[in-house]
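The values are calculated or read from the model by the stated rules, or taken from the named source; none is laboratory data. All of these numbers come straight from a predicted model, not from anything done at the bench. Neighbour counts run over all protein chains shown; Cβ positions are idealised from the backbone, glycine included.
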Amino acid sequence: MKKAFRRVLSVLLAAALLCGGMMTADASYVDDSGAFRLSCTVNGDTATERGFCWYTKTDVPTAIRIFDGRADVTDSLTLADVTAQPWEGNFMHKVLVKGLTAGKEYGYTIEGDNGVAVTGTFRTDDGDDKVSFIGIADVQASSLENFLKGARTLNAGLEMNPDADFVANLGDFTNDSTNEEWDNYAEAFDSLNNAVTLAPISGNHDGLGVWHWFENMFCLDTSESVQNLNGVNYSFDYGNAHFAVLNTNDALSVSLMQLKWLYNDMRSTDKDWKIVFMHKSPYTLGKDGKWPDALYLKETLTRVCELTGVDLVMSGHDHQYLRTKSLKNNRVVEDGKGVTYVLSGTAGSKRYEVRDFMLGHFLTLDKLAALTVQKGGENDLGIPHQCYLEDGTLDHYDPNRIGGVFNNVTIDGGTLTLKSYVIKDLEEGETEDVITEIDSFTLTKETGKNKATYSGENKTSAFEYALGLLPSGLCLAIYTFGNWFPRFLCMLPKLIVTVVTKDIF
């Protein structure tokens, strides 16, 4: 129903604009004349507010119109935090739209250069106890061809779940965060992004060494972010769930200030479900799982999640799909009262082998419930890459598991269900999509039991952040040299053998 409504609404908007003498276009490039890099994001109250960010080639007015059916309702709304400024050779525009009605489907048009407009749709939260979203990660492309492969993955998710309330992109939108790559991302993804609300998460390729790019690509609530240089941390409610978005570029991993923010944030909600989105993953068998920045999260962030009753943590970074069992204190808890961690796989074409030299040093198989490596050939364990866990072993070859991964998550009252899928890479001559379910699990709980226990201000001043950088760095250094480095040395002989014999690091 929602997808059909969106199509009809887009046609109506296009017709209305044409009647008004204005040219229209899809939300992709139109001879460099239209608005591009368009995103509609969660920002504040998801029932009444949305953030919009877009780019133009020239310095034109920041113009957006909101439609309820055929009616232009822009003048009845508040357009706040209007921003227009040059950025890296283009012009960035941001608007926070306030005063929307809960549970309503809206259309919008955004004017670009030369009167060319793009159209899109979004739906506000209706406030019930249901929410559905799609999770993808690590498109991390450079060429348009590979961006299109990532867009194909998201499109499959939206086709399967057309009523998704939002899409959580778990970071690494591009490889080098350059104008050329963001242009390619826009050409591949804008027509998808303008049909759904986004919850973007900063990846290391979006933030480390490319300051302010992430902040300038999306209109997000930065009021509680501990810093905005290399990413943004924020939170929002949707349905009966509370979501916290972390920036794992902060102090190379996560600062003490952001951990404090998460601790306060999760105690400030009475929502039934608590979910954390972040880029780097504390549990992984991919190539980045051997370094201290990600592993430090296992010693710090996991404790905050356990103390505050977080149910699910979703991440990216290591380009394979992995799900842990319910964990507490880095141990399996059979009663399911711990935290489940999901490494969401890669939506793109860059995929990582299993690093078996990490087993026993940084991760043990007994903690894992599912694993899929999305590429061909054999992995470090001497078995085909399309493997998953069954009874604690890695096996089961399936050529349909070579492709991009998307995750569908639905919450209905006291039941949370996650289903993960691979859309098979198309071989030469193939045209039909093959989508294979690679994992499914359900969490249940009694609703109405969570109580808010924190009501204070949850902000970090620039001075407080600067003051906390030294102790944050010291904590990471102490972990690195006191915990990680001895384990790395023990792992080193097996790592060297793997590099020499298999050219895998």
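Selection of region 118-130 for residues being surrounded by fewer than 24 Cβ atoms within 10 Å (Cβ to Cβ) and closer than 18 Å to residue 191 by Cα yields 121, 123. A residue that is part of a loop (DSSP other than H, G, I, E, B) and either among the acidic types (Asp, Glu) or more than 18 Å from residue 190 (Cβ to Cβ) (or both) can be found somewhere in region 151-161.
Of everything in region 78-117 that is under 24 Å from the mean Cα position of the chain (by Cα) and among the aromatic types (Phe, Trp, Tyr), the residue that is surrounded by the fewest Cβ atoms within 10 Å (Cβ to Cβ) is 87. Filtering 413, 382, 377 for residues that are more than 22 Å from the chain's Cα centre (by Cα), surrounded by fewer than 18 Cβ atoms within 10 Å (Cβ to Cβ) and modelled with pLDDT of 95 or more leaves a single hit, 413. I want to confirm something. Restricting to region 189-216 and keeping residues that are assigned to a helix (DSSP H, G or I) and either free of Cβ contacts under 8 Å to residues at least 12 places away in the same chain or of a type in the set (Phe, Trp, Tyr) (or both), which single residue is farthest from residue 85 (Cα to Cα)? Among them, the one singled out is 189. Scanning region 435-461 for residues that are modelled with pLDDT under 95 and closer than 14 Å to residue 401 by Cβ turns up 436, 437, 438, 439. Just one of the numbered conditions (1) among the charged types (D, E, K, R); (2) part of a loop (DSSP other than H, G, I, E, B); (3) without any contact (Cβ under 8 Å) to a residue 24 or more places away in the chain is not true of residue 221: (3). Annotation note: of 460, 480, the sole residue that is touching a helix residue (DSSP H, G or I) at 6+ places or on another chain (Cβ under 6 Å), outside any helix (DSSP H, G or I) and either outside the structural domain of residue 322 (by TED's automatic domain parsing) or not basic (Lys, Arg) (or both) is 460. The residue pairs whose first member lies in region 447-466 and is of a type in the set (Gly, Ala, Ser), whose second member is assigned to a helix (DSSP H, G or I) and loosely packed, with under 10 Cβ neighbours inside 10 Å, and whose beta carbons are closer than 9 Å, counting only pairs six or more residues apart or on different chains, do not exist in this structure. Looking only at region 264-283, residues that are of a type outside the set (D, E, K, R), crowded, with 21+ Cβ neighbours inside 10 Å and either under 17 Å from residue 337 (Cα atoms) or out of contact with any Leu (no Cβ under 7 Å at 6 or more places or on another chain) (or both) come to 5 in all. Considered as a group, the residues in region 162-179 that are of a type in the set (S, T, N, Q) and assigned to a strand (DSSP E or B) include one that is farthest from residue 421 (Cα to Cα), and that residue is 174. Before we move on, is residue 447 more than 24 Å from the chain's Cα centre (by Cα), among the β-branched types (Val, Ile, Thr), surrounded by fewer than 16 Cβ atoms within 10 Å (Cβ to Cβ) and more than 17 Å from residue 275 (Cβ to Cβ)? Judged against the criteria, residue 447 is not a match. Only one of the numbered conditions (1) modelled with pLDDT under 95; (2) closer than 14 Å to residue 409 by Cβ is violated by residue 342, and that is (1). Among all positions in region 329-337, there is no residue which is in the same structural domain as residue 438 (by TED's automatic domain parsing), crowded, with 20+ Cβ neighbours inside 10 Å and in contact (Cβ under 8 Å) with a residue 40 or more places away in the chain. Of all positions in region 236-245, none carries a residue that is assigned by TED's automatic domain parsing to the domain that holds residue 404, over 28 Å from residue 451 (Cβ atoms) and acidic (Asp, Glu). Condition test on residue 423, is it within 25 Å of the chain's Cα centre (by Cα), under 30 Å from residue 150 (Cα atoms), buried (at least 19 other Cβ atoms within 10 Å of the Cβ) and in the same structural domain as residue 342 (by TED's automatic domain parsing)? Against the criterion (within 25 Å of the chain's Cα centre (by Cα), under 30 Å from residue 150 (Cα atoms), buried (at least 19 other Cβ atoms within 10 Å of the Cβ) and in the same structural domain as residue 342 (by TED's automatic domain parsing)), residue 423 qualifies. Scanning region 111-123 turns up one or more residues that are of a type in the set (A, V, I, L, M, F, W, C) and modelled with pLDDT of 95 or more.
Of everything in region 45-92, what is of a type in the set (S, T, N, Q), over 27 Å from residue 178 (Cβ atoms) and either assigned to a loop (DSSP other than H, G, I, E, B) or not assigned by TED's automatic domain parsing to the domain that holds residue 104 (or both)? Give them in sequence order. Across region 45-92, the qualifying residues are 46, 48. Is it the case that residue 149 is within 21 Å of residue 314 (Cα to Cα), in contact (Cβ under 8 Å) with a residue 12 or more places away in the chain and among the basic types (Lys, Arg)? Against the criterion (within 21 Å of residue 314 (Cα to Cα), in contact (Cβ under 8 Å) with a residue 12 or more places away in the chain and among the basic types (Lys, Arg)), residue 149 does not qualify.
Might you let me know whether region 179-189 holds any residue that is buried (at least 24 other Cβ atoms within 10 Å of the Cβ), within 19 Å of residue 38 (Cβ to Cβ), among the polar types (S, T, N, Q) and in contact with a helix residue (DSSP H, G or I) (Cβ under 7 Å, 6 or more places away or on another chain)? Looking through region 179-189, none of the residues is buried (at least 24 other Cβ atoms within 10 Å of the Cβ), within 19 Å of residue 38 (Cβ to Cβ), among the polar types (S, T, N, Q) and in contact with a helix residue (DSSP H, G or I) (Cβ under 7 Å, 6 or more places away or on another chain).
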